[in-house]
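The values are calculated or read from the model by the stated rules, or taken from the named source; none is laboratory data. Since we're looking at a predicted model, the values are computed, not measured. Methodologically, a virtual Cβ is constructed for each residue, glycine included, from the backbone with ideal geometry; neighbour enumeration extends over all protein chains shown. Only protein heavy atoms, including side chains, enter the accessible area calculation; ligands, DNA and RNA are left aside. Shrake-Rupley method; radii C 1.70, N 1.55, O 1.52, S 1.80 Å.
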Amino acid sequence: MALSAQQIPRWFNSIKQNSFITATQLRNCFQRPGKTLMYGVSAQPQMSSDNCFLQWGFKTYRTSSIWNNNSQFTKSSRQEIDSAQSTMLPSVNEQSQETQKIPNFDSELSLEGLDDVPPLSPLQPISEEEAVQIIADPPLPPVSFTLRDYVDHSETLQKLVLLGVDLSKIEKHPDAANLLLRLDFEKDIKQILLFLKDLGIEDNQLGTFLTKNYAIFSEDLENLKTRVAYLQSKNFSKADITQMVRNAPFLLNFSVERLDNRLGFFQKELELSVKKTRDLVVRLPRLLTGSLEPVKENIKVFNTRLFKVKERHSFLTYLGRAQYDPAKPNYISLDKLVSMPDEIFCEEIAKASVQDFEKFLKTL
């Protein structure tokens, strides 16, 4: 097999220990399978790339050679050559004529001029055989609406899929797709995975967790550790923190200041003790991560209903009708006391007019 252009410098360096190389050695390295016509010279119907290389090598590297042709062949050998040439096909004769232009290979070839080998150029032409052996990866699509087109090119996406991450849900968020494609699994993702496992998230829970909170990969690892340390300082146990993070995946994306404000809000608005506040957020950790507007609205409705219950109870007590024992006559259920409009409450429960009820409220 012929040496490629990239292999030539390495082959010459391996034989650099000798100042000269015999033509037989050179021919053995470049010999191709074919019909031997005479003295080891191979003939084929077309000019071989080996002969082309030899002719190019002799012209480019200016090798000094010593040719001793006069004593090479005897008279009988010349006759054999003439006889062989006369029996060859025309195409072979043409090949023989071209090969005769190459000097005798049995003489010694100086390698002193081969030291200054020119550097390989990316524009250097290559043979068709070398061209078909080149395997080029398909290019990345410049624009795509799905991460599926990038999985074959991204080690990060491949490993996330193995963890159970649902890319079809993540790709709905363009910012998430761009984030994951920029991340390196070893440098950016592996350390977060180890942190979550140390926190208590099991292997079979990582896929679901990361599908919901892919943004955790954009968080600084030290910030995540600081938020866990804050919760521990508030007497949340490791099991409590694990349960909270599992049920509210975005919990650790909140800063320490925001977590502290949320805990203070519920403790103050609901008038809870520290322990009851802690128990509440362990059971419902999304109270710390969700919007506060629905919570504020509900608190306002609980407070409004409680105030209304107090007003109606006071009016019934004034009328002597505050009877809440189901075993006695004229029993009033708590549901009726709370849910009825004022008109129906006054007519059916208080047995009074709305105007009387409004006058009573002004005295409170």
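Key figures for this structure:
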item	result
Hits in the range 233-244 (condition: over 16 Å from Ile201 (Cα atoms) and either open to solvent by less than 70 Å² (accessible area, probe 1.4 Å) or of a type in the set (Val, Ile, Thr) (or both))	Phe236
Matching entry among Phe360, Phe302 (being aromatic (Phe, Trp, Tyr), in a helix (DSSP H, G or I) and either open to solvent by less than 90 Å² (accessible area, probe 1.4 Å) or assigned by the TED database to the domain that holds Phe265 (or both))	Phe360
Qualifying residue in the range 201-209 (condition: touching a Lys or Arg at 6+ places or on another chain (Cβ under 6 Å), surrounded by 17 or more Cβ atoms within 10 Å (Cβ to Cβ), modelled with pLDDT of 90 or more and not assigned by the TED database to the domain that holds Arg258)	no
Residue within the range 183-199 that is of a type in the set (Phe, Trp, Tyr) and either assigned by the TED database to the domain that holds Thr242 or within 18 Å of Asn253 (Cα to Cα) (or both) present	yes
Test: Asn223 is modelled with pLDDT under 95 and over 24 Å from Glu293 (Cα atoms)	no
Qualifying residue in the range 216-233 (condition: more than 30 Å from Asp279 (Cβ to Cβ) and either in a helix (DSSP H, G or I) or within 13 Å of the chain's Cα centre (by Cα) (or both))	yes
Any hit, the range 276-296, residues being within 30 Å of Cys346 (Cβ to Cβ) and among the charged types (D, E, K, R)	no
Matching residues in the range 245-298 - criterion: being in a loop (DSSP other than H, G, I, E, B), of a type in the set (Ser, Thr, Tyr) and surrounded by 14 or more Cβ atoms within 10 Å (Cβ to Cβ)	Thr289
Restricting the range 190-204 to residues that are of a type outside the set (A, V, I, L, M, F, W, C) and in a helix (DSSP H, G or I), the residue that is farthest from Ser237 (Cα to Cα)	Lys190
Residue that is surrounded by the most Cβ atoms within 10 Å (Cβ to Cβ), among those in the range 326-336 that are under 16 Å from Glu311 (Cα atoms) and more than 60 Å from the chain's Cα centre (by Cα)	Ile332
Residue count for the range 319-336, restricted to those that are assigned to a helix (DSSP H, G or I) and of a type in the set (D, E, K, R)	2
Residues of the range 337-351 satisfying the condition of being within 15 Å of Glu311 (Cα to Cα) and part of a loop (DSSP other than H, G, I, E, B)	Met340, Pro341
Qualifying residue in the range 309-325 (condition: open to solvent by less than 100 Å² (accessible area, probe 1.4 Å), aliphatic (A, V, I, L, M) and under 30 Å from Met244 (Cβ atoms))	no
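Residues checked against (1) in a helix (DSSP H, G or I); (2) more than 16 Å from Asp184 (Cβ to Cβ); (3) at pLDDT 75 or above; (4) open to solvent by 80 Å² or more (accessible area, probe 1.4 Å):
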{"residue": "Ile134", "(1), (2), (3), (4)": "no, yes, no, yes"}
{"residue": "Pro138", "(1), (2), (3), (4)": "no, yes, no, yes"}
{"residue": "Asp152", "(1), (2), (3), (4)": "yes, yes, yes, yes"}
{"residue": "Leu160", "(1), (2), (3), (4)": "yes, no, yes, no"}
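Quick grid of which residues meet (1) over 22 Å from Ala248 (Cα atoms); (2) assigned by the TED database to the domain that holds Gln243; (3) touching a strand residue (DSSP E or B) at 6+ places or on another chain (Cβ under 6 Å); (4) without any contact (Cβ under 8 Å) to a residue 24 or more places away in the chain:
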| residue | (1), (2), (3), (4) |
| --- | --- |
| Lys268 | yes, yes, no, yes |
| Glu271 | yes, yes, no, yes |
| Lys275 | no, yes, no, yes |
| Val282 | no, yes, no, no |
| Arg286 | no, yes, no, no |
| Val309 | yes, no, no, no |
| Arg321 | yes, no, no, no |
| Tyr324 | yes, no, no, yes |
| Ala327 | yes, no, no, yes |
